[in-house]
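The values are calculated or read from the model by the stated rules, or taken from the named source; none is laboratory data. All values derive from a computational prediction rather than experimental measurement. Cβ placement follows ideal geometry from the backbone for every residue including glycine, while neighbour counts extend to all protein chains displayed.
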């Protein structure tokens, strides 16, 4: 096959070959361009992320691609902190929580300068595609890049399970299991001391964690942001239980729940990350509710704020498989030029959903859960 170019990217050297017809020996046979993709994890960590990273790496290497791991989410994009991923340095993390790449809540779209730095990583490092694994914030940045024509695919992960257009996010199942197990352990001490225990969960403005963990753990009252509750509801519930001979109560309250009549004015609500999210844990809804219930009912009450325990630990089987499937699909999407999409679980299938449908939106707890919350009191 004749060549007229001596571009080293398209031709490879044949040692010990003389020049032919005035052309460099470097151009005697074509060199296939090796694809290079990047992968990052942004936002809060969760179990199952390493399974997705591992799957991306294996699937890309099978195609003879190079995989560049970007450290610490979008902060690593701005700083161009990278390392090459291999099967050897990703394989052993299949049962480990967190993220081997590190993470951050950096928002590169806050300023034009940062956004320009973010876009420059494609040219500076030579990326042919980028896989961004994260929640709504990380995916909103991915959507902005995709809108400007950059080859990018998103993978949904968040223990809050509030990313729209997908049936489940990486990390949610493990976090719900952690809540359930915690409630089971809190029940024995609550029964022994005949007390009320208020368990505060994460979830922002979505009640997925509180609902699933509370139902599975056997709590007797669950408050989620999607359902209005009042302090009187809690007081009457507790009094009814104790009068019926159940001398303890396990109440689950989501950090974003609003409870009419509960005075949270003294709680300090802080601005949080660069995406403008407040730190809801500083509302102290669990502590305030426990203290108020003790005053109102006369029964001893304690609060248990699970906090970052919900993010930790080894991923469940479901999250290991989900992370693996979504990681594989992300590489498939890049290979098929299906850019600007998120890997979404729809029933038993993983399908593409445009990132434009994700940015700035939240998936609330489905109303089908409301009857469960009402019934199991």
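Residue check: is residue 95 within 19 Å of residue 171 (Cβ to Cβ), exposed (fewer than 15 other Cβ atoms within 10 Å of the Cβ), touching a helix residue (DSSP H, G or I) at 6+ places or on another chain (Cβ under 8 Å) and at pLDDT 95 or above? For residue 95, the condition - within 19 Å of residue 171 (Cβ to Cβ), exposed (fewer than 15 other Cβ atoms within 10 Å of the Cβ), touching a helix residue (DSSP H, G or I) at 6+ places or on another chain (Cβ under 8 Å) and at pLDDT 95 or above - is met. Within the range 101-123, the set of residues being within 27 Å of residue 320 (Cα to Cα) and either touching a strand residue (DSSP E or B) at 6+ places or on another chain (Cβ under 8 Å) or in a helix (DSSP H, G or I) (or both) comprises 101, 102, 103. In the set 36, 26, only one residue is modelled with pLDDT under 95 and touching a strand residue (DSSP E or B) at 6+ places or on another chain (Cβ under 8 Å); that residue is 26.
Taking first residues from the range 94-120 that are on the phi > 0 side of the Ramachandran plot and partners that are part of a loop (DSSP other than H, G, I, E, B) and modelled with pLDDT of 95 or more, the Cβ contacts under 7 Å between residues at least 6 apart in sequence or on separate chains come to 98/45; 102/71; 102/72.
Checked against the criterion of being surrounded by 14 or more Cβ atoms within 10 Å (Cβ to Cβ), touching a residue at least 60 places away in the same chain (Cβ under 8 Å), in contact with a helix residue (DSSP H, G or I) (Cβ under 6 Å, 6 or more places away or on another chain) and under 21 Å from residue 45 (Cβ atoms), the range 77-87 contains not a single residue that satisfies it.
Return yes when residue 90 is within 13 Å of residue 52 (Cβ to Cβ) and crowded, with 24+ Cβ neighbours inside 10 Å and no when it is not. Considered against the rule, which asks whether it is within 13 Å of residue 52 (Cβ to Cβ) and crowded, with 24+ Cβ neighbours inside 10 Å, residue 90 comes out as no. Got a sec? Which of 60, 55, 118, 146 is touching a helix residue (DSSP H, G or I) at 6+ places or on another chain (Cβ under 8 Å) and within 21 Å of residue 164 (Cβ to Cβ)? Answer to the check: 146. Mind checking which residues of the range 205-232 are surrounded by 16 or more Cβ atoms within 10 Å (Cβ to Cβ) and assigned to a helix (DSSP H, G or I)? If the condition is that a residue be surrounded by 16 or more Cβ atoms within 10 Å (Cβ to Cβ) and assigned to a helix (DSSP H, G or I), then 208, 209, 210, 211, 212, 213, 214, 215, 217, 231 are the ones that fit. Residue count for the range 148-204, restricted to those that are assigned to a helix (DSSP H, G or I), in contact (Cβ under 8 Å) with a residue 60 or more places away in the chain and surrounded by fewer than 20 Cβ atoms within 10 Å (Cβ to Cβ): 3.
On inspection, residue 48 does not qualify as at pLDDT 95 or above and under 21 Å from residue 122 (Cα atoms). At least 1 residues being over 15 Å from the mean Cα position of the chain (by Cα) and not assigned by TED's automatic domain parsing to the domain that holds residue 231 is the threshold, and among the strands (runs of 3 or more DSSP E) wholly inside the range 289-355 those reaching it are 341-346, 349-354. Counting just the residues of the range 364-377 that are touching a helix residue (DSSP H, G or I) at 6+ places or on another chain (Cβ under 8 Å) and in a loop (DSSP other than H, G, I, E, B), which one comes out modelled with the lowest pLDDT? Selected residue: 377.
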